[in-house]
Amino acid sequence: FHLQSGKNLTVSYLKNNGFDIIAVNWRYKYWEVDIVAKDQFSLVFMEVTSRKSNNFGEPSDFVDEIKQRNLIQGADAYIELNSYEGEVRFDIVSVYLDSNKIELIKDAFWSN
């Protein structure tokens, strides 16, 4: 439940900030991308993390190497399936459910 409300808040936030939402919870085989969006000239793959508070760390701290690798593999599959050519970016969106605050970290990590 919390994750869904976090994603709903994120989608609204992104639309209000000029992003075109392409897909939410995009899945292929073993991979899932929380949000695929277009930001000007970049195709953006986003991991959304939601927390009630940051008592146990910032939400973005929970996007470890395994989650990053899975997001990159999901992005690779999306790019191949859609024959996309162009700029790609990986963002992390932190949602604080206690305050509905959203923090967008652009270029949070890169694929190798």
Cross-link partners among aspartates and glutamates for K52, C-alpha distance below 20 Å, same-chain residues fewer than 8 apart left out?
-> D34, D61, D64, D98, E103
Surface per residue (accessible, 1.4 Å probe) for region 4-112, Å² | 59 Å²
The chain, accessible surface, carbon-and-sulfur percent (1.4 angstrom probe) | 46 percent
Here the percent of antiparallel bridges among DSSP beta bridges lying wholly in the chain, to the nearest 5, is 65 percent
Quick one: divide the alpha-carbon radius of gyration of the chain by 2.2 N^0.38 Å and tell me what you get.
-> 1.01
So, in nm, how far is label D107 from label I79 when the simple model puts each one 7 Å beyond its Cα toward the Cβ?
-> 1.6 nm
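The values are calculated or read from the model by the stated rules, or taken from the named source; none is laboratory data. Since we're looking at a predicted model, the values are computed, not measured. Neighbour counts are summed over all protein chains in view; Cβ atoms, including those assigned to glycine, are modelled from backbone coordinates with ideal geometry. Surface accessibility is based on the protein's heavy atoms, side chains included, excluding ligands, DNA and RNA. Shrake-Rupley method; radii C 1.70, N 1.55, O 1.52, S 1.80 Å.
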